[in-house]
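**Student:** Before we start, here is the structure in question, set down as structure tokens.
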Amino acid sequence: MLRLVSLKLGRLYRYVKLAVLGSLAAALGLNTHSLLASLQRNELSERRFLQLNKCPACWGTSWCRKFLNGQLRLESWGRLRLLDFFNVKNVYFARYGEPREGSRRVVLKRLGSAQELADIDTKICRRATGRGRCDLLQALPATEFASLNGDVRLLTPGAVEGWSDLVRCPSQRLLDRMVRRYAETKDSGSFLLRNLKDSERMQLLITLAFNPEPLVLQSFPSDEGWPFAKYLGACGRMVAVNYVGEELWSYFNAPWEKRVDLAWQLMEIAEQLTNNDFEFALYLLDVSFDNFAVGPRDGKVIIVDAENVLVADKRLIRQNKPENWDVWYESKFDDCDKEACLSFSKEILCARVTVDHNYYAVCQNLLSRHATWRGTSGGLLHDPPADIAKDGRLEALLDECANPKTRYGRFQAAKELREYLAQLSNNVR
């Protein structure tokens with residue numbers, strides 16, 4: 001019965017999508033002249049479209065030469081401003097490169113909706129002048145983003161703690177890593193804040209406060225094996241990251257062997273972010289099918305939305321020894337009626353060394369029968385082959401991982417699930 005309902009909801013989603021596309025086609029037909037004009041322009045070389053005039057209240061300028069020289073062009077449909085109504089997240093696909101060298105696909109992000117970006121301006125103005133509108137360039141020196149001037153040696157936890165999930169509970173070690181790897185400066189490699197220009201310091205702090213995703217990608221880069229998309233650069237309020245592939249959702253009905261491999265990789269990501277040699281625990285606070293993508297050639301799963309990542313320094317926790325710091329923490333199952341639900345306490349994530357949050361997030365929202373997304377249910381591992389369903393081990397491990405029945409059951413279930421999925425996908429490690 002539940003399967004029937006999910007199928008009906010899936011059909012309803014497709015019908016609505018077709019209706020929207022039909023309305024869009026009619027609108028395009030009535031705006032042929034503006035359509036042709038927008039297809040001929042390269043807005044990525046226009047300072048106004050990039051909101052370069054907002055700098056240093058922006059994400060950076062390291063890729064401005066590439067943007068302004070026309071090395072990036074939006075893909076055909078992305079040039080239509082009519083589609084911005086549907087592009088709520090302000091994510092664009094573009095081609096980057098020189099004609100003689102060939103081009104590659106990249107993803108461009110404004111790091112917020114139009115309203116969220118407007119709210120940034122309003123907040124800066126209110127902090128500086130008490131009014132909702134102002135000249136940003138004149139207002140910035142009166143904000144906390146300009147308070148860390150050239151005389152300040154280090155970016156310290158007391159200055160930025162709580163600004164965003166990334167620095168909910170920052171350590172000096174994390175902040176030094178962030179400054180040292182900051183890509184929007186020519187002098188990267190130094191943890192000294194005073195080595196940055198005034199404009200670069202403000203850009204770093206504004207990014208940290210409003211959407212720290214670029215700083216997550218820079219501090220934990222894919223080149224070192226972290227499971228995040230590769231950060232390329234920024235110009236104004238547009239950042240560029242490498243294109244990974246289709247989002248995980250497009251594999252929901254892939255062959256069983258493929259889904260098993262993807263599930264195994266997701267559990268491996270959960271393990272890597274929880275336990276690693278650097279002793280930083282990266283907790284994913286937003287886990288859904290559209291936050292991951294799969295490489296078309298290597299089939300590798302990558303996190304493509306890293307805005308809501310809380311980083312806890314396990315070394316600092318061991319050093320400070322807050323109350324119950326060494327007691328294992330097991331996340332509470334959240335049986336809500338919405339998509340991508342997670343129950344967590346940021347305070348506890350910051351204060352415990354052993355936490356099962358990432359296993360819980362992946363099992364509940366992506367793999368188990370509790371996962372719901374776009375009218376479907378059953379998770380990525382829905383409808384297993386008859387012999388696996390009859391054996392019952394997979395279902396039991398997924399249930400214990402999502403909603404444990406025994407104390408600390410999720411820790412053991414997650415370990416066994418990783419091993420079992422590895423066996424099923426011939427990825428024995």
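**Student:** For the chain, what does -39500 (n - 2.57) per DSSP helix run (n ≥ 4), summed and divided by total residues, give at 222 nm, in deg cm²/dmol to the nearest 500? Can you show the working numbers first?
**Tutor:** Working: 17 runs with 167 residues, N = 429.
Helix contribution divided over all residues of the chain: -11500 deg cm²/dmol.
**Student:** Could you name the lysines in cross-link range of K197, using Cα to Cα under 16 Å and dropping any fewer than eight places away on the same chain?
**Tutor:** K186
**Student:** Sequence neighbours fewer than 8 away in the same chain don't count; with that in mind, list the aspartates and glutamates whose C-alpha is under 16 Å from K230.
**Tutor:** The qualifying aspartates and glutamates are E184, E213, E246, E247, D298, D305, E307.
**Student:** Carbon and sulfur: what percent of the range 229-352's accessible surface (1.4 Å probe)?
**Tutor:** On the way: 2370 of 5330 Å².
Of all accessible area on the range 229-352, carbon and sulfur atoms account for 44 percent.
**Student:** Counting Lys +1, Arg +1, Asp -1, Glu -1, what net charge surrounds D121 among other residues with beta carbon under 12 Å of its beta carbon?
**Tutor:** So the surrounding residues net to +4.
**Student:** Right, next: Sticking with the crude label model, points 7 Å out along Cα→Cβ, report the distance from D334 to D290 in nm, one decimal please.
**Tutor:** Those two pseudo-labels are separated by 1.8 nm.
**Student:** Starting from 0.36 nm per residue, how many nanometres of slack lie between E224 and N320 once their C-alpha separation is accounted for? Walk me through the numbers on the way to the answer.
**Tutor:** Values: separation 96, 0.36 × 96 = 34.56 nm, distance 2.87 nm.
Length difference between fully extended and current span is 31.7 nm.
**Student:** Please give the peptides 372-381, 53-62 ranked by average Cβ packing (other Cβ atoms within 10 Å per residue), highest first, as a rough proxy for protection.
**Tutor:** For the peptides 372-381, 53-62, the packing ranking is 53-62, 372-381.
**Student:** A further question on this structure: Which helices pass in the chain if a helix is a full DSSP H run, must span at least 30 angstrom along its long axis by Cα, and must have mean Kyte-Doolittle hydropathy not below 0.5? Please report the intermediate quantities before stating the final value.
**Tutor:** Working: long enough: 2-29 (41 Å, 0.98).
Going by DSSP H runs, the hits are 2-29.
**Student:** Could you tell me which trypsin sites (Lys or Arg not before Pro) in the range 98-150 are loop residues by DSSP with no more than 13 other beta carbons within 10 angstrom of their beta carbon? Could you put the intermediate results ahead of the total?
**Tutor:** Numbers: sites: R100, R104, R105, K109, R110, K123, R126, R127, R131, R133; in loops: R100, R110, R131, R133.
Here the trypsin sites (Lys or Arg not before Pro) that fit, given the DSSP loop and packing criteria, are R100, R131, R133.
**Student:** For N275 and R127 in one chain, what is 0.36 nm times their gap in residues minus the Cα-Cα distance, to one decimal in nm?
**Tutor:** Length gained between N275 and R127: 49.4 nm.
**Student:** While we're here: Around L72, with a cut-off of 9 angstrom between Cβ atoms, what is the net charge of the other residues, counting Lys and Arg +1 and Asp and Glu -1?
**Tutor:** That works out to +3.
**Student:** Mind listing which GluC sites (Glu not before Pro) in the range 98-155 are in a DSSP loop and have 10 or fewer other Cβ atoms within 10 Å?
**Tutor:** Sparse-neighbourhood loop GluC sites (Glu not before Pro): E101.
**Student:** Next up: Can you grab the distance from the C-alpha centre of the range 346-407 to the C-alpha centre of the range 157-213, Å, no decimals?
**Tutor:** 35
**Student:** What list of ³J(HN,Hα) values in whole Hz, one per residue of the range 147-153 in order, does the Karplus curve 6.51 cos²θ - 1.76 cosθ + 1.60 (θ = phi - 60°) give from phi, with Gly and Pro shown as x?
**Tutor:** With coefficients 6.51, -1.76 and 1.60, one gets 6, 8, 7, x, 7, 7, 7 Hz.
**Student:** Take the alpha carbon gyration tensor of the range 224-331, find the square roots of its eigenvalues, order them as a ≥ b ≥ c, and report rounded if a/c is under 1.5; if not, report prolate when a/b exceeds b/c, else oblate.
**Tutor:** Oblate.
**Student:** Further question: Near K89, which lysines are there with a Cα under 18 Å away, not counting those fewer than 8 places off in the same chain?
**Tutor:** K17, K109
**Student:** So, one more: Per residue, how many Å² of accessible area does the chain show with a 1.4 Å probe?
**Tutor:** I get 49 Å² per residue for the chain.
**Student:** To continue, here is another question. Beyond 29 Å, what share of the Cα-Cα pairs of the chain remains, rounded to the nearest whole percent?
**Tutor:** Tail of P(r) above 29 Å: 52 percent of Cα pairs.
**Student:** Take the alpha carbon gyration tensor of the range 246-428, find the square roots of its eigenvalues, order them as a ≥ b ≥ c, and report rounded if a/c is under 1.5; if not, report prolate when a/b exceeds b/c, else oblate.
**Tutor:** prolate
The values are calculated or read from the model by the stated rules, or taken from the named source; none is laboratory data. For clarity, every value in this text was computed on a predicted model and none was experimentally measured. Because the Cβ atoms are built from the backbone with ideal geometry, glycine has one as well, and the counts that use them run over all protein chains shown. When the accessible area is computed, the model is the full protein with side chains, heavy atoms only, and any ligands, DNA or RNA have been set aside. Shrake-Rupley method; radii C 1.70, N 1.55, O 1.52, S 1.80 Å.
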